[in-house]
Amino acid sequence: MMTGQTLNPRLAPPASAGWWLPDGAPPRPGAGPLTEALQNLNRPVFIVDGPAGQAVAGSGRAVLGEDAPGPEAWPLRAWAPPLAADLLGDAAFRQAHDLRYACVAGSMANAIASEELVEAMAGEGMLGFFGAAGLSLERVEAAIDRLQRNLGKRAFGLNLIHSPNEPALEAALVELYLRRGVHRIEASAFLGLTMPLLRYRYAGLKQARDGTILAPNQIMAKVSRLEVASKFLAPPPPKMLAALVEEGTLDARQAEWASRLPVASDLTAEADSGGHTDNQPAFTLLPTILALRDEMQARHGHSVRVGAAGGIATPISTAAAFAMGAAYVVTGSVNQACVESGSSPIVREILAKAGPADVTMAPAADMFEMGVQVQVLKWGTMFPVKARKLYELYRAYDSLESLPPEVRTTLEKDYLRCTLEEAWASTRAFFERRDPGQVARGEADPKHRMALVFRSYLGQSSRWANAGDPTRRVDYQIWCGPAMGAFNQWVQGTFLEPPAQRQAAVVALNLMLGAAVLTRASWLRTQGVELPPEATRFAPRTPDQLARLR
């Protein structure tokens, strides 16, 4: 709030915190100077008592204490030190991954988190994970080829998604990562530990001369439940370690070292987000996982860095995550609407119009039989309604042959656009290449055959969206969390409103630099300074404007 051109002193502390000594530039009253000073992240902000009330200085020197250091001293009410955006989060996280910023682009499946997106993040000293889920091994290896060639020693990673219905695929992906020297993965949708996951984490363990255990492979595990988090925060169970020794992945000495290392090197608390999510509120999930981390650290003697995902879409949500203790932040939905994403231009246009409430839950293709759901966009598509109908049919009937004629007609006309027999033939051909065991099981079990056909529709719906297939627009599956709507509201009326202007690194830098500005504003507020609205907002900045803030 403002009184004339001075800051309102009503909420100021009754006595000064110390004294401010000028360096030649006088303090200035008003909201404009305060906003300007907060956004100069490399300079401190001093709030002083002047003849006309409170004023702002961005230079000079503060002296704490009761006695005035000289006649030129001004009473100091509050101050905020410089805060570069690359100091937000955990320094150990940035060092471990050789990053400038504690900011991560998560691995949205089907290459929505594309090679271009990963490269854009790496170019600004951030970390990106390629969205390997749902892709063939050949496509994933092509991504590895490109990223290793283009990024060299700069940090990047790939996704490993839990595949309970296709364990052979999960194992094959791990073997590919080990063979190609991929040393960083984002593990997502895991309900518990698996042998391929542990094989990746502990392969190649060494011990340094000082006794430090060196693990070449790092796992950033994305979790939303405490019981799952506890498994990643602890060393692996003895039985699973014994199995790693028996299969030859580890020797006895390496197994002993592994018994002292947590499964995850980093753990992401995934709140309400796009795709696989438990819709947990970030303000309850992150603190409880941090508390669990501390408990496990006391028990096992090691620490795991904990980051925040879900809802990271504006500078204020980014600042809030860091204020709660997040070592890093992970973006997801907002990246899908950026030009580097693997989404199609039509999907980016749809996403750019979404509001915070334009999302819903629908059955997941990869865990369909288990009833697991993913969060998707409900605006502009009939996919959520159709997906839920397929799951209802799966629960109600034992085979495709047992479906009533009217249901069969609807599926063939409005969903599959072919006969059920033709749908099974194409599904069968797909799984013969991807996982032949699924075909054998489907031939023997009519209900599983029905599940495979329904999963085929669910899986293709994302690919139709990514390809921008105009004939399948009503069937688009677009993974999306409420963060997308919050982002759209924040950028409304700015250069970032059109999706064609949304570059992933520019978006991420705006979130990080904006979070630093708002963090400093919060520091002043906690010292009793009543801030004008201008000082508590951070509008999107162009690349040139960002360069002047860094």
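Would you mind getting the accessible area per residue of region 117-248, heavy atoms of the protein chains only, 1.4 Å probe, in Å²?
Numbers: 5230 Å² over 132 residues.
Each residue of region 117-248 exposes 40 Å² on average to a 1.4 Å probe.
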Share of accessible surface on carbon and sulfur in region 443-550, whole %, 1.4 Å probe and ligands ignored, is 52 percent
Taking R0 as 22 Å, what FRET efficiency do you get between residue 525 and residue 64 from their Cβ-Cβ distance, rounded to the nearest 0.05?
0.65
Mark the label point 7 Å from the Cα of residue 492 along Cα→Cβ and return the residues of region 314-330 whose backbone N is within less than 20 Å of it.
314-318
Determine ³J(HN,Hα), in whole Hz, for all residues of region 335-348 in sequence, where each value follows from phi through the Karplus function 6.51 cos²θ - 1.76 cosθ + 1.60 and θ = phi - 60°; x replaces Gly and Pro.
5, 5, 8, 8, 5, 7, 5, x, 6, 7, x, 5, 5, 4
Quick one: net charge of residue 485's neighbours, Cβ under 14 Å, K/R +1, D/E -1?
-1
Quick check: from the Cα gyration tensor, does the chain come out rounded (a/c under 1.5), prolate or oblate?
prolate
Please give the Cα centre distance for region 167-190 versus region 394-438, rounded to the nearest Å.
30 Å
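With +1 assigned to the C-beta of every Lys and Arg and -1 to the C-beta of every Asp and Glu, and no other charges, what is the dipole magnitude of region 118-214 about the Cα centre in debye, to the nearest 20?
Dipole size: approximately 400 debye.
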For the chain: lysine pairs with Cα atoms under 14 Å, gap of 8 or more or different chains, count?
5
Using a 10 Å cut-off on Cβ atoms, rank the peptides 159-168, 64-73, 385-394 from the highest mean neighbour count down.
159-168, 385-394, 64-73
Read phi for every residue in region 277-286 and hand back ³J(HN,Hα) as whole Hz from Karplus 6.51 cos²θ - 1.76 cosθ + 1.60, θ = phi - 60°, with x for Gly and Pro.
7, 9, 6, 6, x, 4, 6, 10, 5, 4
Can you pull out the trypsin sites (Lys or Arg not before Pro) in region 149-192 whose DSSP state is coil and whose Cβ has at most 11 other Cβ atoms within 10 Å?
153
Which of 475, 544, 49, 294 is most accessible, then next, and so on - probe 1.4 Å
544, 294, 49, 475
Please compute the net charge surrounding residue 475, taking Lys and Arg as +1 and Asp and Glu as -1 over other residues with Cβ under 11 Å from its Cβ.
+3
Integer Hz, Karplus 6.51/-1.76/1.60 couplings in order for region 210-225, x for Gly and Pro
7, x, 5, 7, 9, 10, x, 10, 10, 10, 9, 8, 9, 9, 9, 10
At 7 Å along the Cα-to-beta-carbon direction for both residue 421 and residue 434, put a label point, then send me their distance in nm to one decimal.
2.4 nm
Expressed per residue, the solvent accessible area of region 442-539 in Å² (1.4 Å probe) is about 33 Å²
Using Cα centres only, tell me the gap between region 497-524 and region 107-137 in whole Å.
21 Å
What number do you get for region 118-192 when its Cα radius of gyration is normalised by 2.2 N^0.38 Å, N = residues?
1.09
As I understand it, the dipole of the chain uses +1 on the Cβ of Lys and Arg and -1 on the Cβ of Asp and Glu, about the Cα centre. Which of 26, 129, 382 lies farthest toward its positive end?
26
Roughly how many debye, to the nearest 20, is the charge dipole of the chain about its Cα centre, given +1 on each Lys and Arg Cβ, -1 on each Asp and Glu Cβ, and no other charges?
360 debye
Take residue 247 and residue 501, extend 7 Å from each Cα along the Cα→Cβ direction, and tell me the distance between the two endpoints in nm.
5.1 nm
Amide H of residue 279 versus every other amide H placed in the peptide plane: which residues, excluding those fewer than 5 positions away on the same chain, fall under 5 Å?
273
How much accessible area per residue does region 295-362 have, counting only protein heavy atoms and a probe of 1.4 Å, in square angstrom?
31 Å²
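The values are calculated or read from the model by the stated rules, or taken from the named source; none is laboratory data. Only a predicted model underlies this, so the values are computations on that prediction, with no experimental measurement involved. Don't worry about glycine lacking a Cβ; one is built from the backbone with ideal geometry, like all the others, and counts go over all protein chains shown. The area values use the complete protein model at the heavy-atom level, side chains included, leaving out ligands, DNA and RNA. Shrake-Rupley method; radii C 1.70, N 1.55, O 1.52, S 1.80 Å.
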